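What follows is one structure encoded as structure tokens, with my remarks underneath.
The values are calculated or read from the model by the stated rules, or taken from the named source; none is laboratory data. Not measured: the values here are computed from a predicted model. No Cβ is skipped: glycine too gets one built from the backbone with ideal geometry, and neighbour counts run over all protein chains shown.
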Amino acid sequence: MANLVLGIATSHTPMLTLPAELWSSYARNDERNRELAFPPHGVVMSYEEGLRSVTPETSAKFRGIEPYRAQAEACQRALDELSATLRAVNPDVTVIIGDDQDEWFFEDNMPALSVYWGDTAPLIPRQVPPGTRDPEVIEAIRRGYGDVPMDVPVASAFGRYLIEYLIEHDFDVAHMRYVKQPYGGRIARRYPTKRGELDYVRETPPREQGLPHAFSFIVKRLFDNTPRPILPVFQNTCYHPNQPTPRRAFATGEAIAGAIAEWQEPASVAVIASGGLSHFVVDENLDRSLLRALQQRDAAGLRAIPRTQLYSAASEALNWVALGGAMQKTDLKMELLDYVPVYRTPAGTGGGWAFARWR
């Protein structure tokens, strides 16, 4: 029988690939970001609209670039600790729960839940487009999301078993075994605005695309480019209309734990949630409520997270909810290594970066 031996949850923002002195480049990006969903209702506004709408208390949390170095160091310490833990436990299989953002899934095929169970998954270092703005920033991000081309080993046998287990337990799960190259497509951002639904479609030209960043970040930063077999599990957290509910995400995690418990192989298994917490606008209420519910094994609280708090990239919190479901009935205890809310502008843009383990 397989054993669930470790849980890890980590943010994977590009800021974690950058030195502190480059963090301010993201503040400049915020001013033109069309996907800024402002709490508490998740309404998407322009940077200028958001700046006029936030409270003075929120604006006061922005203190310029002065906190960046200490914040960056805190994040890297937590990541170092998670990496050391994962490599010390050295699980036979690592299930990674993540989401895709214009990488492997587009509107020609956008499953709510999917498992990749090919024998390997390609990791292809990102290319720096010629003439790009901030080439130093792009190069750092490229390295942070995987700088060594490789075929990442995949726990294919467990992947097939998990798919069949999920089907048997009434999950309509998609599956994939290979990536069709080159590949691209379009995705609309169907988020609420003051004037109705956001009318914004992003198009990605066809290109060679390796393992999506939610997974390649784990391979590079936590496995230090020497991964043992992984199993990528995708939740469509970002893109309506088939975004999983918190109830469904929690149930998915419970089912993953159930499959591990019933797998008749003498294997040790870790489960990692990749992504989150709130961004591109900081929502400390969402972040702290979620972390508290995870620490208290508050299943009702995790299932009841308001969906209005899960628009745009804040929706990656659903990956943590799924991990909470996987950890719910185990003896593993959560340790929050750090929570670092980073305010990049007076409009409250930025993110809540968090790092936790269950062991």
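Counting just the residues of the range 313-341 that are charged (D, E, K, R) and surrounded by fewer than 24 Cβ atoms within 10 Å (Cβ to Cβ), which one comes out farthest from residue 192 (Cα to Cα)? Ranking the candidates gives 331 first.
When we screen 83, 24 for residues that are in contact with a Leu (Cβ under 6 Å, 6 or more places away or on another chain), among the hydroxyl-bearing types (Ser, Thr, Tyr) and surrounded by fewer than 19 Cβ atoms within 10 Å (Cβ to Cβ), the only hit is 83.
Within the bounds of the range 195-203, is there any residue that is within 22 Å of residue 315 (Cβ to Cβ), among the acidic types (Asp, Glu), under 19 Å from the mean Cα position of the chain (by Cα) and not in a loop (DSSP other than H, G, I, E, B)? No, the range 195-203 contains no residue that is within 22 Å of residue 315 (Cβ to Cβ), among the acidic types (Asp, Glu), under 19 Å from the mean Cα position of the chain (by Cα) and not in a loop (DSSP other than H, G, I, E, B). Look at the range 96-125: where a residue is closer than 22 Å to residue 186 by Cα and acidic (Asp, Glu) and a partner is in a loop (DSSP other than H, G, I, E, B) and at pLDDT below 95, sitting 6+ places away or on another chain with Cβ atoms under 7 Å, you get 103/209.
The residues of the range 242-257 that are surrounded by fewer than 17 Cβ atoms within 10 Å (Cβ to Cβ) and in contact with a helix residue (DSSP H, G or I) (Cβ under 8 Å, 6 or more places away or on another chain), listed by number, are 245, 247. Looking across the range 252-266, just one residue is polar (S, T, N, Q) and assigned to a helix (DSSP H, G or I), and that is 252.
Only one entry in 168, 136, 164 is acidic (Asp, Glu) and farther than 28 Å from residue 268 by Cβ, namely 136.
Under the condition of being modelled with pLDDT under 95 and under 30 Å from residue 254 (Cβ atoms), the residues counted in the range 161-189 number 1.
Annotation: of all residues in the range 1-21 being crowded, with 23+ Cβ neighbours inside 10 Å and of a type in the set (Gly, Ala, Ser), the one that is farthest from residue 213 (Cα to Cα) is 7.
The set of residues from the range 19-37 being under 25 Å from residue 318 (Cβ atoms) and either in a strand (DSSP E or B) or among the aliphatic types (A, V, I, L, M) (or both) comprises 36, 37. Restricting attention to the range 279-312, the residues that are among the β-branched types (Val, Ile, Thr) and surrounded by fewer than 24 Cβ atoms within 10 Å (Cβ to Cβ) add up to 2.
To keep it simple, each residue is scored yes or no on (1) in a helix (DSSP H, G or I); (2) over 18 Å from residue 9 (Cβ atoms); (3) among the acidic types (Asp, Glu); (4) touching a His at 6+ places or on another chain (Cβ under 9 Å).
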| position | (1), (2), (3), (4) |
| --- | --- |
| 75 | yes, no, no, no |
| 82 | yes, no, no, no |
| 86 | yes, no, no, no |
| 102 | no, yes, yes, no |
| 114 | no, yes, no, yes |
| 127 | no, yes, no, no |
| 139 | yes, yes, yes, no |
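Of the numbered criteria (1) buried (at least 16 other Cβ atoms within 10 Å of the Cβ); (2) at pLDDT 95 or above; (3) among the small types (Gly, Ala, Ser), the one residue 60 fails is (1). Looking across 149, 192, 125, 135, one residue alone is over 17 Å from residue 234 (Cα atoms), modelled with pLDDT under 95 and within 22 Å of the chain's Cα centre (by Cα). It is 125.
Within the range 161-179, the residues that satisfy the criterion of being within 23 Å of the chain's Cα centre (by Cα) and charged (D, E, K, R) are 172, 177.
So that you can scan it fast, the table gives a plain yes or no per residue for (1) over 20 Å from the mean Cα position of the chain (by Cα); (2) of a type in the set (Phe, Trp, Tyr):
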| site | (1), (2) |
| --- | --- |
| 40 | yes, no |
| 48 | yes, no |
| 56 | yes, no |
| 61 | yes, no |
| 68 | yes, yes |
| 79 | no, no |
| 89 | yes, no |
| 94 | no, no |
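The set of residues in the range 331-359 being farther than 27 Å from residue 191 by Cβ, assigned to a loop (DSSP other than H, G, I, E, B) and touching a Leu at 6+ places or on another chain (Cβ under 6 Å) consists of 359 alone.
Entry remark, the range 73-84: residues being in contact with a strand residue (DSSP E or B) (Cβ under 9 Å, 6 or more places away or on another chain) and either hydrophobic (A, V, I, L, M, F, W, C) or under 15 Å from residue 343 (Cβ atoms) (or both) number 5 in total. The C-beta contact set for the range 56-75 (first residue over 15 Å from residue 19 (Cβ atoms) and in contact (Cβ under 8 Å) with a residue 60 or more places away in the chain, second residue crowded, with 17+ Cβ neighbours inside 10 Å and among the charged types (D, E, K, R), distance under 8 angstrom, 6+ apart or interchain) comprises 62/344.
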